[in-house]
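The values are calculated or read from the model by the stated rules, or taken from the named source; none is laboratory data. If you're wondering where the values come from, they're calculated on a predicted model, not measured in any experiment. As a convention, Cβ positions derive from the backbone with ideal geometry for all residues, glycine included, and neighbour counts pool all protein chains shown. Note: accessible area is taken over every heavy atom of the protein model, side chains too, but ligands, DNA and RNA are not part of it. Shrake-Rupley method; radii C 1.70, N 1.55, O 1.52, S 1.80 Å.
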Amino acid sequence: MPGAVYRLRPQLFDRIVAKVFRQRLSWRAVWLIACETVLIVSAVIFAAWLRLGDGAWELLSVETGVAKVVLIALVCQACLYLSDLYDLRVVGDRRELVVRALQSLGSASLLLAVLYFLFPQLVLGRGVFFIAASLVVLIIVGWRLAFEWMTKRVRPAERLLLVGTGGAAVELASELHDRRQELGVEIVGFVDPDGTLAGRALTNPGVVGTIDDIPGIVGKRQVDRVVLSLSDARGKLPMDRLLDMKLAGVQFDHLASVYEEYTGKIAVENLRPSWLIFSEGFRKAPWQTWAKRMGDIGAAALGLLIASPVILLAALAIKLSSTGPVFYHQQRVGEHGRPFLIHKLRSMVQDAEARTGPVWARAGDDPRVTPVGRFLRRTRLDELPQLWNVLVGDMSFVGPRPERPEFVTELVRQIPFYGQRHVVKPGMTGWAQVRYEYGATVEDALEKLQYDLFYVKNLS
């Protein structure tokens with residue numbers, strides 16, 4: 001069969017973007033944000049025209065009206081972002097979408113009202129704000145519902161055929177399939193290396209053929225990439241036949257690489273050390289280390305200066321509300337496995353682990369947490385003393401969150417590649433904290449490790 005039949009590859013620009021950003025850019029998300037910006041700006045301009053008539057054009061052209069319109073759009077979209085409404089997994093749930101949209105736009109209205117009270121010169125025009133707020137609510141909810149409808153009818157950006165039927169491969173493929181609307185990817189099916197599972201439904205979708213069927217499947221089903229599971233590759237796949245297909249034009253890739261590209265994390269359960277050794281990334285140039293350290297020192301010094309009044313007020317509240325010291329010092333594992341003392345504002349009762357020993361902190365209502373401590377945790381103000389850890393070099397602003405030695409020993413034993421997260425300095429925040437919710441179990445540690453390894457591999 002001529003190679004042209006299955007030379008159906010992702011667009012070159014998509015691949016370049018993936019190289020630059022180290023993760024595939026979701027054009028669905030880009031389209032959502034861009035259109036929403038235009039809609040919000042248009043709604044505000046229309047509201048100004050309804051309220052002011054022809055005077056709206058003079059306001060926009062002369063009295064820095066455009067900047068005021070942009071401010072409204074930025075505040076609205078910042079609140080939408082903080083409500084996770086640019087996470088396309090949330091967009092897929094209609095009830096959650098409407099509730100979060102109303103909450104976030106209510107927060108935007110409140111924030112803008114405060115700004116207008118403090119800085120009256122920012123007001124676009126008397127009465128314009130209230131008309132614009134109503135229009136924006138209707139437009140955003142309507143646009144989000146329309147966007148959901150459209151994304152289900154748009155052809156996926158890339159169609160993948162997966163070679164391998166092992167448990168880890170099926171699990172990763174299931175995640176990609178479940179998130180197909182968000183990621184813009186479709187799993188066409190599985191190829192069974194042994195040929196014994198042909199026609200079976202491992203997950204959605206099922207097994208669609210064997211190794212010899214790959215060229216026909218690629219051409220017939222418009223497959224963009226054939227993805228090999230590393231856990232199924234060793235000793236099972238006929239590499240000579242796969243090489244012939246590659247030379248004929250079939251695009252092959254590792255499942256670990258594709259998964260990283262789409263999700264922003266490295267799947268450790270489907271990983272081999274050879275992939276870590278030969279893949280791009282995991283480089284720390286001396287100039288990068290130096291630049292990162294200089295940035296940490298400057299930001300930590302400035303942060304301590306700005307945060308000092310807040311730390312003093314929080315310390316006073318802790319002292320007045322419960323017995324015990326203001327600061328809490330705990331040993332954590334740092335760069336290259338070296339222990340250090342992390343500093344926090346105390347949020348629990350004194351000697352909270354005297355009876356239990358080291359235990360995971362719990363999300364929600366933890367009886368060990370004081371009322372003041374609950375507020376400090378919710379606002380993350382208890383973390384402010386870690387700026388000192390950053391300043392003295394124990395930590396960085398960005399990096400994997402440091403764990404306690406007692407937990408690290410157990411996690412290294414249970415989770416492959418867990419020790420590799422210690423090749424960089426731990427951070428006050430990190431990629432795992434941005435991408436994953438709070439967790440305090442071994443399963444959560446595994447999920448966060450996958451994001452931490454992605455950061456270690458691609459940090460810049």
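Just the residues that are basic (K, R) and touching a residue at least 12 places away in the same chain (Cβ under 8 Å), please, taken from region 316-347.
Residues satisfying the conditions are R332, K344, R346.
Filter region 422-460 for residues that are under 18 Å from V408 (Cα atoms), open to solvent by 20 Å² or more (accessible area, probe 1.4 Å) and among the charged types (D, E, K, R); which is modelled with the highest pLDDT?
It comes out as K425.
When you look at G298, is it loosely packed, with under 12 Cβ neighbours inside 10 Å and not hydrophobic (A, V, I, L, M, F, W, C), yes or no?
So G298 passes the test.
Take region 262-294 and flag every residue that is under 20 Å from G399 (Cα atoms) and part of a helix (DSSP H, G or I).
T263, V268, L276, P286, W287, Q288, T289, W290, A291, K292, R293, M294
Which of the residues that make up region 37-77 are modelled with pLDDT under 75 and part of a helix (DSSP H, G or I)?
Result: L52, G55, A56, W57, E58, L59, L60, S61, V62, G65.
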